Amino acid sequence: KTLASKDPYGLTADEAGIFNLYSMPTDFYRKLNESLSYEDRERAKPFFPCLKLMLDASRKLPKAKGTVWRGVKKSLRGQFEKGQEVIWWRVTSTTKEIDTLNNPDFLGREGERTLFMIEMKNGIDISIYSVYRDSEAEVVLLPGSCLKVVASQDFGNGLVIVHLEEVDSEVTLFR
């Protein structure tokens, strides 16, 4: 309620709270995204109220545009080919600050890892609602976001970099 009482965009306590909950280091975001990964959408039904809150809130927030970054601690070499379009069905966390990815929890400097550079046009800046508001500059992509692979390169030493740009899609679940 504290977040919503001063909210510059008019989010309700529940709308502000869902992004706060999503950003917490709990199993909530993992279970939400796991449920969205299955073709069987019935598995995501328990999360529909949460997704509705995210959607309602996202309509009140300005769209985040520009370059954001995402780190994954595994090699996705060969999974992204130039010109390929992919739809991400999860709520995808990114950051506006590449330095955030130095944290070993996100990408770090060693081991197998993939760095995504994403040119975004419909991101949702949740940084003021995040429990990490002072350190992560978090922007999320909602489920159904369509991305085109601009380039993908294996830089050796376990690092793959994938450059993506958000494109319009016939699938518009959350806009």
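The values are calculated or read from the model by the stated rules, or taken from the named source; none is laboratory data. Keep in mind the model is a prediction, meaning the values are calculated, not measured. Cβ atoms come from the backbone with ideal geometry, glycine included; neighbour counts cover every protein chain shown.
Remarks
- Subset of the stretch 30-59 (residues that are surrounded by 18 or more Cβ atoms within 10 Å (Cβ to Cβ) and among the hydroxyl-bearing types (Ser, Thr, Tyr)): Ser35, Ser58
- For the stretch 65-86, the set of residues classified as touching a Gly at 6+ places or on another chain (Cβ under 9 Å) and either at pLDDT 95 or above or not in a strand (DSSP E or B) (or both) consists of Lys65, Gly66, Val68, Lys73, Lys74, Ser75, listed by residue number.
- Within the stretch 116-146, being modelled with pLDDT of 95 or more and within 12 Å of Trp69 (Cβ to Cβ) holds for Phe116, Met117, Ile118, Glu119, Met120, Gly123, Val139.
- Among all residues of the stretch 156-174, there is at least one that is within 25 Å of Met24 (Cα to Cα) and in contact with a Leu (Cβ under 9 Å, 6 or more places away or on another chain).
- Screening the stretch 125-145 for residues that are touching a Phe, Trp or Tyr at 6+ places or on another chain (Cβ under 8 Å) and within 16 Å of Glu165 (Cα to Cα) and picking the one that is surrounded by the most Cβ atoms within 10 Å (Cβ to Cβ) gives Ser145.
- When the residues of the stretch 108-127 are filtered to those that are more than 15 Å from the chain's Cα centre (by Cα) and outside any strand (DSSP E or B), the one that is nearest to Phe19 (Cα to Cα) is Gly108.
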